[in-house]
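The values are calculated or read from the model by the stated rules, or taken from the named source; none is laboratory data. It should be emphasised that the depicted structure is a prediction, and the values quoted were computed from it without experimental measurement. Virtual Cβ from ideal backbone geometry, glycine too; neighbours counted across all protein chains shown. Note: areas computed on protein heavy atoms with side chains; ligands, DNA, RNA excluded. Shrake-Rupley method; radii C 1.70, N 1.55, O 1.52, S 1.80 Å.
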Amino acid sequence: MAVVVDEQIEGIYQQVRAKNPGEEEFHQAVKEVLESLGPVLAKYPEFAHQKIIERICEPERQIIFRVPWQDDKGHFRINRGFRVEFNSAIGPYKGGLRFHPSVYLGIIKFLGFEQLFKNALTGLPIGGGKGGADFDPKGKSDNEIMRFCQSFMTELYRHLGEYTDVPAGDTGVGGRELGYLCGQYKRITNRYESGVLTGKGTGWGGSLVLTEATGYGAVYFVREMLKVRNDSLEGKTCVVSGSGNVAIYTIEKLQQLGAIVVACSDSNGVIVHDRGIDLALVKRLKEVERRRIADYATTHEDARYIAGGNIWDVPCHVAMPSATQNELTGRDARTLVANGCFAVAEGANMPTTPEGVKVFLDAKIAYGPGKAANAGGVATSALEMQQNASRDSWTFEFTEKKLDEIMTRIHATTYQTAEEFGAPGNYVLGANVASFIRVAQAMVALGFI
Ligand code: NDP
């Protein structure tokens, strides 16, 4: 029976590869989920009969569009925009927008696929989608960013709606970009439809805690993983890759819970500061002045800047990849484990390569995959939608408590599902199986969607 199911799943994976040529990241994300689904098909044969896996791997809708804009010198520029509406079985499509030169359909599809399962894990009524553009915000003036965002939204607006598709931020799309996007949506539609985008400024419909949510949530997830091992973050040495939104608020919560963060990075290099990262300085450099992390070492002479360095070579107890996909390889995972690392939680999406994941699972360290560990951002987005729908705004404390409860519940669900399906401690299997079952059951209930 198991052999038949395995062959079935391998056949589906080969079909996905053949139908989506060249989309390596999407193939990787699909494979990672499919590898967990053998025991699910054995328990729920109706999912195979109704071809639920094949349906889930095919997005409901994929939109690709031209984004023309003009730079400050008056030159015309053309970028490519995307929105992949993956699955709306449990709620409107929900997922961020990424502006980065590496963006192409395969990246957006991998992110949309991950998002669908992550959103299901939150227990909230949100489907999965993702979008973005191959636009590089680095080095652009505010006016250029505004013109780009306005042009991007001039096409995207027709596909959105608070009951249809609700984007948010991701890499390269923060408060400034969301403001321009929201402004253009309002101009075109003549509607102050707050619930159509999340991550808004707190003065105009945004939720408190959303800026902090992904990082804080990832740390709550580590706290829970350590709790079941009768341990805590107090006094632990931590390393956090990146120095963007997720990394900054991961560092903040780690420090609040008594951990010592000794390294962070950007795509040019690594900062190591043994007495602990000065977060106020990182915030100023990155959030206010939009400078490089190398500049940290000019303020703190006892910190080391390693140009082109590998952050995973820095010994730590807890590692939190919070930069980008495939940033932590099999070699890096072996180094971390050899250096005594016993917990890894992913703030970024799919930051660990399949070989790295295997190293962590074989070593039986506490390993929280992104779709569980970084779900705090989208969960708080759903809380923003809730506040917008009820014309309400909650306090920081109330919203953070809700985030904490959601992350604690996600941990419990993934932990218990892994036990139930015979793989105790395997959060990868727990997250994939629990979220897949939720989406699959909704698809079965809704009929032929
Ligand atoms: P940001 O753009 O705010 O920050 C990304 C950070 O990662 C920057 O410091 C960037 O440096 C660094 N980085 C990028 N590529 C590399 C690399 N190859 N090596 C080292 N550092 C690198 O993005 P976010 O913090 O929003 O997102 C980070 C990750 O978290 C992404 O995978 C995203 O999908 C995921 N995520 C984000 C959520 C959110 O709410 N924002 C929610 C859930 C997941 P540089 O400035 O040099 O490019």
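Per-structure values
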{"read-out": "Residues satisfying the stated conditions in the stretch 293-311, i.e. touching a strand residue (DSSP E or B) at 6+ places or on another chain (Cβ under 8 Å), more than 16 Å from the ligand (Cβ to nearest atom) and either open to solvent by 40 Å² or more (accessible area, probe 1.4 Å) or outside the structural domain of D278 (by TED's automatic domain parsing) (or both)", "value": "R304"}
{"read-out": "Any strands (runs of 3 or more DSSP E) falling wholly within the stretch 1-102 and containing at least 1 residues that are polar (S, T, N, Q) and within 20 Å of P167 (Cα to Cα)", "value": "61-70, 76-87"}
{"read-out": "Residue tally, condition more than 16 Å from the ligand (Cβ to nearest atom), open to solvent by less than 10 Å² (accessible area, probe 1.4 Å) and more than 18 Å from N432 (Cβ to Cβ), over the stretch 357-411", "value": "1"}
{"read-out": "Per-region count, the stretch 96-117, residues near the ligand (Cβ under 9 Å from one of its atoms) and either on the phi > 0 side of the Ramachandran plot or under 13 Å from the mean Cα position of the chain (by Cα) (or both)", "value": "5"}
{"read-out": "Any hit, the stretch 222-238, residues being open to solvent by less than 30 Å² (accessible area, probe 1.4 Å) and within 14 Å of the ligand (Cβ to nearest atom)", "value": "no"}
{"read-out": "Subset of the stretch 152-200 that is in contact (Cβ under 8 Å) with a residue 40 or more places away in the chain and among the small types (G, A, S) - its residue that is farthest from the ligand (Cβ to nearest atom)", "value": "G161"}
{"read-out": "Condition met for S267 (surrounded by fewer than 21 Cβ atoms within 10 Å (Cβ to Cβ), within 13 Å of the ligand (Cβ to nearest atom), under 22 Å from the mean Cα position of the chain (by Cα) and not acidic (D, E))", "value": "yes"}
{"read-out": "Test: L285 is open to solvent by less than 30 Å² (accessible area, probe 1.4 Å) and either closer than 28 Å to Q416 by Cα or not charged (D, E, K, R) (or both)", "value": "yes"}
{"read-out": "Residue in the stretch 201-221 that is surrounded by the fewest Cβ atoms within 10 Å (Cβ to Cβ), counting only those that are more than 10 Å from the ligand (Cβ to nearest atom) and of a type in the set (S, T, N, Q)", "value": "T202"}
{"read-out": "Unique residue being assigned to a helix (DSSP H, G or I), on the phi < 0 side of the Ramachandran plot and open to solvent by less than 20 Å² (accessible area, probe 1.4 Å) when the list is I188, I145", "value": "I145"}
{"read-out": "Test: residue in the stretch 57-78 that is more than 16 Å from the ligand (Cβ to nearest atom), open to solvent by 10 Å² or more (accessible area, probe 1.4 Å), over 22 Å from G172 (Cα atoms) and of a type in the set (K, R)", "value": "yes"}
{"read-out": "Tally, over the stretch 316-331, of residues that are more than 12 Å from the ligand (Cβ to nearest atom) and open to solvent by less than 20 Å² (accessible area, probe 1.4 Å)", "value": "4"}
{"read-out": "Residues located in the stretch 332-356, provided they are within 15 Å of the ligand (Cβ to nearest atom) and either part of a loop (DSSP other than H, G, I, E, B) or surrounded by fewer than 20 Cβ atoms within 10 Å (Cβ to Cβ) (or both)", "value": "E346, G347, A348, N349, M350, P351, T353"}
{"read-out": "Close pairs from the stretch 14-27: first of a type in the set (A, V, I, L, M, F, W, C), partner assigned to a helix (DSSP H, G or I), Cβ under 6 Å, at least 6 apart", "value": "V16/V30; V16/C57; F26/G106; F26/K109; F26/F110"}
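Listed here are the residues, each with its yes/no results for (1) modelled with pLDDT of 95 or more; (2) under 23 Å from K138 (Cβ atoms); (3) charged (D, E, K, R).
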| position | (1), (2), (3) |
| --- | --- |
| V173 | yes, yes, no |
| N190 | yes, no, no |
| S194 | no, no, no |
| V209 | yes, no, no |
